[in-house]
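Comments concern the structure below.
The values are calculated or read from the model by the stated rules, or taken from the named source; none is laboratory data. Quick caveat, the model's predicted, so the values are computed rather than measured. No Cβ is skipped: glycine too gets one built from the backbone with ideal geometry, and neighbour counts run over all protein chains shown.
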Amino acid sequence: MYPDFIGIGAQKAGTTWLHRNIVDHPQIWIPRKEVHYFDRKINDRSNVATRLFGKSLEDERWRKQVKRWTSTYLKQLDLEGLRFVYKFYMRPYNDGWYGSIFEPRKGRVAGEITPAYSALGEEMVSHIHEVMPEAKIIFLMRNPIERDWSQTVMSFDKAEKGSASSVSEERMLKEFERKGSRPLTDYLRTLEIWQRFYPEEQIFVGFTEDVHFNPGELLESVFGFLGVDTSFRPLAPEKKVHSRSADTMATRVAAHLARTYKDELARLEEIFGGYTSFWRYCGTRLAEETVEDDKLHYPLWDSSLWEEWKTSEHATKEVGLRSGPLSSLQAVR
């Protein structure tokens, strides 16, 4: 009844790329990329009537989605799709509703990817484990400096209609201070909470660098983790998803983020090594304000810091695919 796997984030760490590349696998079924049950809907007591006539942004979003999908399936004369619209949008939200949206799996491995789940607290993760103790968990991590930057750029892109590159450094810094993005970037908190309920072999940890450098190998590893055919190849796994307008980072702003995440970067390197060693190297160089350029190429693996790190004494052994089940990552540290 419940999904076989859940992608829990992190936001801006490659979850859209992952969804796009696994949704077409013939042995995998996903109802929607972001179901948002455990972070939103589980406490939503609305019904069809309140959603139809409500004035909240969530109600408006609900009506647009119902209209869109109903129109799509009517044009296709897809009765099964219309049944799913009823099931997904019209019924009260509860654990029974959540389980029911995975019924069309037809023998396939079913799952969902909702990046906001990475910020869930212990009580909610305990509930998730209670209803699906055998579920496999997928968690993608990205350099905290980049993740926070990317999310902020996205918010300005939306608010400023694609003109985030014109936003001043002062305004960027104020935005970082204002918004509560720390829980979404506190990877160790996320892993600590989920590990209280799920064993290491049920938790897959991926790195955004592998999305860039080793996309095919990463997908093969994910498919193996999920127990589906690892020989399946999407059409273009190397294609970027949601590439934003800003392809540089203001060094001053990056330095602020480096100081913000100094402790987290050190702890991540101690546990995982590999790419996280590069993350910490970036953090150290930026926090010490020893980077002379006013702008850095973004993502940071495209910047001069990547080549500096690879030839420095701080670099780990040759970095290939580092993503995999948490149990195996501990062994290759």
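Quick notes on this structure:
- Only one of Ile6, Ile30, Ile22 that is out of contact with any Leu (no Cβ under 9 Å at 6 or more places or on another chain), crowded, with 18+ Cβ neighbours inside 10 Å, farther than 16 Å from Phe88 by Cα and not aromatic (Phe, Trp, Tyr): Ile6
- Qualifying residue in region 111-120 (condition: surrounded by fewer than 19 Cβ atoms within 10 Å (Cβ to Cβ) and under 21 Å from the mean Cα position of the chain (by Cα)): yes
- The listed residue being hydroxyl-bearing (Ser, Thr, Tyr), surrounded by 15 or more Cβ atoms within 10 Å (Cβ to Cβ) and farther than 30 Å from Ser328 by Cα, out of Thr316, Thr251: Thr251
- Hey, Lys12 part of a loop (DSSP other than H, G, I, E, B), surrounded by 22 or more Cβ atoms within 10 Å (Cβ to Cβ) and not hydrophobic (A, V, I, L, M, F, W, C) or not: yes
- Meets criteria (without any contact (Cβ under 8 Å) to a residue 60 or more places away in the chain, crowded, with 16+ Cβ neighbours inside 10 Å and of a type in the set (Ser, Thr, Tyr)) for Tyr93: yes
- Any chance Glu307 is surrounded by 14 or more Cβ atoms within 10 Å (Cβ to Cβ) and assigned to a helix (DSSP H, G or I): no
- Condition check for Tyr281: part of a loop (DSSP other than H, G, I, E, B), buried (at least 19 other Cβ atoms within 10 Å of the Cβ) and either β-branched (Val, Ile, Thr) or modelled with pLDDT of 90 or more (or both): no
- Among (1) under 22 Å from Val23 (Cβ atoms); (2) out of contact with any helix residue (DSSP H, G or I) (no Cβ under 8 Å at 6 or more places or on another chain), the one test that Thr70 misses: (2)
- If you check Thr50, Thr15 for being touching a residue at least 12 places away in the same chain (Cβ under 8 Å) and among the polar types (S, T, N, Q), only one passes: Thr15.
- Among the residues of region 33-53, those identified as in a helix (DSSP H, G or I) and either surrounded by 15 or more Cβ atoms within 10 Å (Cβ to Cβ) or more than 27 Å from the chain's Cα centre (by Cα) (or both) are Lys41, Ile42, Val48, Ala49, Thr50, Arg51, Leu52, Phe53.
- Any hit, region 200-215, residues being at pLDDT 95 or above, surrounded by fewer than 17 Cβ atoms within 10 Å (Cβ to Cβ) and under 23 Å from Ile8 (Cα atoms): yes
- Residue identified as at pLDDT below 85 and surrounded by 20 or more Cβ atoms within 10 Å (Cβ to Cβ) among Leu329, Leu257, Leu296, Leu235: Leu329
- Filtered residue count, region 244-292, keeping only those that are of a type in the set (D, E, K, R), within 13 Å of Pro144 (Cβ to Cβ) and touching a residue at least 24 places away in the same chain (Cβ under 8 Å): 5
- Residue check, Ala110 among the aliphatic types (A, V, I, L, M), in contact (Cβ under 8 Å) with a residue 40 or more places away in the chain and part of a helix (DSSP H, G or I): no
- Counted residues, region 1-36 - those being β-branched (Val, Ile, Thr) and either in contact with a Pro (Cβ under 6 Å, 6 or more places away or on another chain) or under 22 Å from Ala236 (Cα atoms) (or both): 6
- Condition met for Ser56 (closer than 30 Å to Arg182 by Cβ, exposed (fewer than 13 other Cβ atoms within 10 Å of the Cβ) and of a type in the set (S, T, N, Q)): yes
- Residue pairs whose Cβ atoms lie under 8 Å apart, separated by 6 or more positions or on different chains, with the first residue in region 69-89 and closer than 19 Å to Tyr37 by Cα and the second outside any helix (DSSP H, G or I), are Phe84/Pro31; Phe84/Ile101; Lys87/Ile101; Phe88/Pro31; Phe88/Arg32; Phe88/Ile101.
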